[in-house]
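Notes follow once the structure below has been shown.
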There are 2 protein chains.
Amino acid sequence: MLVIGSGAKHLEGEIKEKAPITNVEIKKFPDGEKYVRILEKGDKAIVVQSTYKPQDEFLIEALLLGDALRENGYRKLKIVIPYMAYSRQDRVTKEGEPISIRAVLKMLGLYYDELYVMDIHNPKTLEFFPGRAENILPSKEIAEYFSDKLGEGIILAPDKGALERAKAIAEILGLEYSHFEKKRISPTEVQMTPVNIDVKGKNVLIVDDIISTGGTMIKATEILRKLGAEKVFVAATHGVFAEGAIERLSKAVDELAVTNTIPTPVSKISIVPEILNLL
Amino acid sequence: MLVIGSGAKHLEGEIKEKAPITNVEIKKFPDGEKYVRILEKGDKAIVVQSTYKPQDEFLIEALLLGDALRENGYRKLKIVIPYMAYSRQDRVTKEGEPISIRAVLKMLGLYYDELYVMDIHNPKTLEFFPGRAENILPSKEIAEYFSDKLGEGIILAPDKGALERAKAIAEILGLEYSHFEKKRISPTEVQMTPVNIDVKGKNVLIVDDIISTGGTMIKATEILRKLGAEKVFVAATHGVFAEGAIERLSKAVDELAVTNTIPTPVSKISIVPEILNLL
């Protein structure tokens, strides 16, 4: 049984073509409270709920769906969260802060036995979920989307921490990969350089987990242009775009594409195959 | 240590006059995520957070505050929730529904040892909270507010289920009390009658836990007028007013007053003394 939450409504059409969806009623009362109701009986369910803005509503809705499924006799509950809210609040950087992702994962653990997330910011935080938890990278989907456009191109990570993501895509396509290195060259200036790789005359795909302001991507693109790169493509799993970021970034690069973990005008790569893999 | 959440911001000024408040930073990131930070160290804390609309944000914020306090070494955590969201979703009326209040109380139980709510719709639901939980009626505050206005008046509950609330207020003021009884007199018409009490020439206060549309209160007021009541006052703990309800109700009665568990233009009765009692 596949239950689609409000935060995954944009994926419903594509999922429906391949798998039956459980009938549910989800609405909001005039006082702002969510109401959910599961209209079919069953034993196992997979809830699909992405938690972009308004993330707190989508999180509480996931909790209520969990309660409704348990109340209705479902024994085994999995939840798929394409975009996991609060995943960047993953450590205490200033005294007095919470580890917000911990609180949210503990909450989901009240009802769900298993958790599947797409490309979470810090996979180590999945340890906070009390049950089995798995991180899924949409490498195959991103690779396929850019395969023809890239030709004999290069995959680059914007920093060393994001290298695994670039590597996974490069290996699928049989291409070279590397990452940028940041060097402080003056108190106000940071230089970004692609490490040990020649981008001259090559198409390049820069790939990260999240794009928000797009500032780093624009800077990286400028450097690649100076180094004589051919086309520059930018991709990410999650398009958490700040105001105006899509426009600024689209102007700077040859193509911008993110997956549909969050619905945006440039969510051109579908992660639905990864959800269907779990069935 | 007293921590004020965003949903209790309207109570802060009055609380501050009597008790020191812990410095906290609460803000929202551009992507919609809440950020909280506790700026003082301590061992025990009482979080005050009301959960009216946007209730899901206030609930998640309470969760994050709980995590921040635990992370910061606080051992004993209490939470005071003047208005408890989802408290009317307290039973399965149609197959497939959750018991939403159960889900929310279990969530709060992840971090809080004790829970104090004001006049929850169904006090039995407090059993879903894993720790100690208490329901507080603002009878004293409502009684004091109407004491002079009522004179030798009568306290009425809109139905038998709400009688305890009317009784508590009547006993404080040494006044008579009763309740309305509903009788279906035709397929479309329900008659409401005050039981075993003569309202003629008397001031009357009708008191309930929640007012939303105000329909029942307007109907009850019309009947009291017909029966020759003098002034008719309407009070409730929680003013969850539907669009236009304050205006309609204010026109129909001599005075409408609710407590400040939810900030509204007619939240004239403060429950802050009940919060200070817990210190």
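The values are calculated or read from the model by the stated rules, or taken from the named source; none is laboratory data. Computed from a prediction, not measured in an experiment: that's the story for all the values here. For neighbour counting, all protein chains shown are included, and Cβ atoms are generated from backbone atoms with ideal geometry for every residue, glycine included. Heavy atoms of the whole protein, side chains included, go into the accessibility calculation; ligands, DNA and RNA do not. Shrake-Rupley method; radii C 1.70, N 1.55, O 1.52, S 1.80 Å.
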Handout entry: the range B:172-279: GluC sites (Glu not before Pro) in DSSP coil with no more than 10 other Cβ atoms inside 10 Å
Key = B:Glu243
Problem - Residues in the range A:88-105 that, when all protein chains are in place, have 30 Å² or more less accessible area than the chain alone would give (probe 1.4 Å) - result: A:Gln89, A:Lys94, A:Glu95, A:Gly96, A:Glu97, A:Pro98, A:Arg102, A:Ala103
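For the range A:1-135, what is the accessible area per residue in Å² when the probe is 1.4 Å?
That works out to 38 Å² per residue.
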Exercise for the section: Give the cross-link partners of A:Lys76 among the aspartates and glutamates, using a straight C-alpha distance below 14 Å as the criterion and excluding same-chain residues fewer than 8 apart. Expected result: A:Asp43, A:Asp67, A:Asp113, A:Glu114
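Sequence gap at least 6, Cα distance under 8 Å: using those rules, report the relative contact order of the range A:1-135 to the nearest whole percent.
20 percent
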Fill in the blank from the handout: For chain B, the longest principal axis of the Cα atoms and the Cα long axis of helix B:163-173 enclose an angle in degrees, to the nearest 10, of 90 degrees
Handout entry: Amide H contacts of B:Tyr177 (H built 1.01 Å from N, under 5 Å, at least 5 apart or other chain)
Key = B:Ile155
Handout entry: Theoretical ellipticity at 222 nm over chain A - DSSP helices of four or more residues, -39500 (n - 2.57) apiece, nearest 500
Key = -8500 deg cm²/dmol
Practice task
Obtain the nm distance between the two label points defined at B:Glu12 and A:Lys9 by a simple spin-label model: each point lies 7 Å from its Cα along the Cα-to-C-beta direction.
Solution key: 3.3 nm
Fill in the blank from the handout: In terms of the charge dipole of the range B:137-268, which places +1 on Lys and Arg and -1 on Asp and Glu at the beta carbon, the residue among B:Thr221, B:Val204, B:Ser178 farthest towards the positive end is B:Thr221
Handout entry: the range B:174-218 and the range A:81-157: distance between their alpha carbon centers, rounded to Å
Key = 55 Å
Exercise for the section: Count neighbours as other Cβ atoms within 10 Å of each site's Cβ, and list the trypsin sites (Lys or Arg not before Pro) in the range A:62-94 that are DSSP loop with at most 16 such neighbours. Expected result: A:Arg75, A:Arg91, A:Lys94
Completion exercise
Longest principal axis of chain B (C-alpha) makes with the long axis of helix B:139-150 (C-alpha) an angle, in degrees to the nearest 10, of 40 degrees
Fill in the blank from the handout: Between B:Glu189 and B:Asp31, the FRET efficiency computed from the C-beta separation at R0 = 41 Å comes out, to the nearest 0.05, as 0.20
Practice task
Report, for B:Ser250, each distance to the same residue's label point in the other copies, shortest first and in nm; define the point 7 Å along Cα→Cβ.
Solution key: 4.6
Practice task
Report, for B:Ile218, each distance to the same residue's label point in the other copies, shortest first and in nm; define the point 7 Å along Cα→Cβ.
Solution key: 5.4
Problem - Charge sum, other residues only, whose C-beta stays under 10 Å from B:Asp90's C-beta, Lys/Arg counted +1 and Asp/Glu -1 - result: +4
Exercise for the section: Could you pull the copy-to-copy label distances for B:Lys200, with points set 7 Å along Cα to Cβ, in nm to one decimal and sorted shortest first? Expected result: 10.8
Problem - In the range B:16-51, GluC sites (Glu not before Pro) in a DSSP loop with at most 11 other beta-carbon atoms within 10 Å - result: B:Glu17
Exercise for the section: Determine the share of chain A's accessible area contributed by carbon and sulfur atoms, expressed in whole percent, with a 1.4 angstrom probe. Expected result: 48 percent
Fill in the blank from the handout: Between the modelled labels at A:Leu278 and A:Asp198 (7 Å from Cα along Cα→Cβ) the distance in nm is 4.5 nm
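What share of Cα pairs, in percent, lie more than 18 angstrom apart in the range A:1-135?
53 percent
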Handout entry: Set B:Lys34/B:Lys124; A:Lys34/B:Lys28; A:Lys9/A:Lys94; A:Lys34/B:Lys149; A:Lys124/A:Lys182 screened for pairs whose C-alpha atoms are more than 29 Å apart
Key = B:Lys34/B:Lys124; A:Lys9/A:Lys94; A:Lys34/B:Lys149
Fill in the blank from the handout: With R₀ set to 56 angstrom, the calculated FRET efficiency between the beta-carbons of A:Ile172 and B:Ala19, to the nearest 0.05, is 0.40
Exercise for the section: Be a star and scan the range A:1-30 for residues whose amide nitrogen sits under 15 Å from the point 7 Å along the Cα-to-Cβ vector of B:Lys94. Expected result: A:23-30
Handout entry: Accessible surface, per residue, of the range B:154-279 when the full set of protein chains is kept, probe 1.4 Å, Å²
Key = 46 Å²
Exercise for the section: Taking H placed 1.01 Å from N in the peptide plane, check which residues at least 5 places from B:Leu2 or on another chain put their amide H under 5 Å from its amide H. Expected result: B:Thr22, B:Ile46
Exercise for the section: Evaluate the relative contact order of chain A (contact order divided by residue number), counting alpha-carbon pairs under 8 angstrom at least 6 apart; express in whole percent. Expected result: 13 percent
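In percent, how large is the relative contact order of the range B:137-268, given Cα pairs closer than 8 Å and 6 or more residues apart?
Relative CO of the range B:137-268 lands at 20 percent.
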